[in-house]
Amino acid sequence: MRPSFNAAHYFLVTFVALVANAFPFADSAQAFDIEERRWGYDGTVYSHEINPLFLRLRNNTGEAEEFTLSLKQKSYGTREVGALISVAEEQSTLFLSPFSERWVTFYIYIRPGSNDVQLYQGRDRVGKAIPIATRNQSSGERPDHMSRVLFTANEEFDLNQKSQLKRFPSDIFPPNITGTDTLEAVFLDHEPRWQPEQRKTFMRWLQRGGTLHLLQSRSGTYPSFTEELSVLNGSLDHQYIGNGIVVRHPIQQNRLDKETLADIQKQELALFGIEQPEIENQQNDYGYFNYEGNVAESMFPALKQYVNPNHNWPVMYLISFLYLFAVFPGAWLVNKKWNDFRITYGSLLLSVLLFSLFYNMVGARGYGESTQINSIAVARVLPHNELDVTQYSNAFVTSGDQYRLEHKGNGVIYTTASDEDVLGKVQLGPQANFIVDIPPFSSRPFMHRTLIHEPAPAVELTAFDVKVGLKSLQLKINGIGTDSVVWAANGDWISKLSPNNGVWTSKKDSKTIQEFADHQDYNQSRFYGSAIEPAEVHQIDNNLLRNSISKSLRLRRGYDGMYMSLKQDRIYVFVQSNLPPALECANENFLKQTGKLVYQYELILSE
């Protein structure tokens, strides 16, 4: 019986080896240990936003390690969504010296329902899946709140557990503005030891609209800043820097208890002219409140409408009717006449073949489509001709292939913002790109963030009466034509502007922002496949403009209406123009690239 046992053992080992090779994503020895992981700046994620995941990796061996690191997002259990996300340096790999450690940052667009992410080293799983730290909104908290954190230089300070203010190590602050979307307010009592790019990024974040609370150090003095941060030195209780604000508090960090933080927040809201809303039965992002700018539901469907196959539907319906007639009673009539199953089945197979060819010629594709990318982008205007851009695009192809999508700029971040599994790979880092498989005559919508150097039209506020509102607004805008589309918002109101004797004014009555966001010019439920008319293209442009403004203003909708908390101390101006070449995809396959760029300004009103 001994030989049969050896044979059975051999076949068992062989079977196990085959099963192991059939599943390449298996656990294996890794080149590093994960010493620490942080979701976002306050330990939680925000739905419909690009959230950072900070990982502290350590090489505990005496040999240098070079490896690739990627992750896949999962939703509603084990279902994978989006594309594979990989982070790397110049050579598409990461490097760890012997007995050293480093921080690595992933940027992930989080949708409601996402529950965890799985790390991979090459094709091997790295440990267990990392749970996504879902944000539980506290009672009475504004639903548009983002991260409010204390930047710390070390681990000496430990806040009271009842405090809502979380700590964040300042040394891992990102070197790119595109990774700070979920950061709202920073508390600081020292000058961080930053690299030049980190200092520049912090100033861009502040000028874009961030809030900085300066605290006194243990010596009882405010921190003294140098180089790019020297503009933060001052003696005023509060001062504007760009669209952001710096507020000084004569207290030290050990005074930041829950009551003090609540008082600081009330002071902050008062400076912005925002009333604290009374919100009852408030739930987290999976409940009552959702972003009005849900990318996959608001931006992508509209972008796809630009490339609508113009099928010959009458002919397709005729072919469908003839095909049904050929199956029955056609096959029955053939059998009745010849009474030979070979002729009957042969005629049926011939009918299937012929009608398949007809469908392929008439219905499998439209007429006149071309490989193209249609986009709309929102650019937050920063000093020094810098634009902080969020761009939504739809790539349509007529020939199925694997396409490399790449754009200019610094800190480029790609995401599919999708709830479906995407056959592609997002590369983060200096060589950021998105490689994706697109079937013939189909689309792949995607979103990306970037910082580019591009001059913007100059906007100057020449007249505005707070008591009268937008009817009194007068703007001088250089660098645009009289046919440009311009919108302005203040308080709860928004109005379209028109040129009048060299200035832009509001000729029509203003509408509430809720009315503006609810309005839809374009009937997306129209008969699919009908030819798209020039008037409909204009309607799609208008809808995309409205959706992009709603997303940029972070409007939220509840069951009982829309919630918004625009800062009352400023006027928001949106100027739409054609997409510049600097925002086009660097891929020669997409010869046709069209779209719009919406410049966003925030004009601070004098106190």
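Taking a 1.4 Å probe, which of MET203, MET361 shows the most accessible area, and what order do the others take after it?
Solvent-accessible surface, decreasing: MET361, MET203.
If ligands, DNA and RNA are left out, what is the accessible area of ASP263 with a 1.4 Å probe, given in Å² to the nearest 10?
80 Å²
Give me the distance in nm between label points sitting 7 Å out from Cα along the Cα-to-Cβ direction at GLU36 and LEU357, one decimal.
My value for the distance between the label points is 6.9 nm.
Using a 1.4 angstrom probe and counting only protein chains, how large is the accessible area of VAL466 in Å², to 10?
Per-residue accessible area (VAL466): approximately 100 Å².
Net charge within 11 Å of LYS425 by Cβ-Cβ distance, Lys/Arg positive one each and Asp/Glu negative one each, not counting LYS425 itself?
+1
How big is the accessible area of SER170 in square angstrom, nearest 10, if you roll a 1.4 angstrom probe over the protein chains?
Ignoring ligands and nucleic acids, SER170 comes out at about 10 Å².
The values are calculated or read from the model by the stated rules, or taken from the named source; none is laboratory data. No experiment lies behind these values; they were computed from the predicted model shown. Here the Cβ is made from the backbone with ideal geometry for all residues, glycine too, and neighbour counts use every protein chain on show. Please note that ligands, DNA and RNA were not included when accessible areas were found on the heavy atoms of the full protein model with its side chains. Shrake-Rupley method; radii C 1.70, N 1.55, O 1.52, S 1.80 Å.
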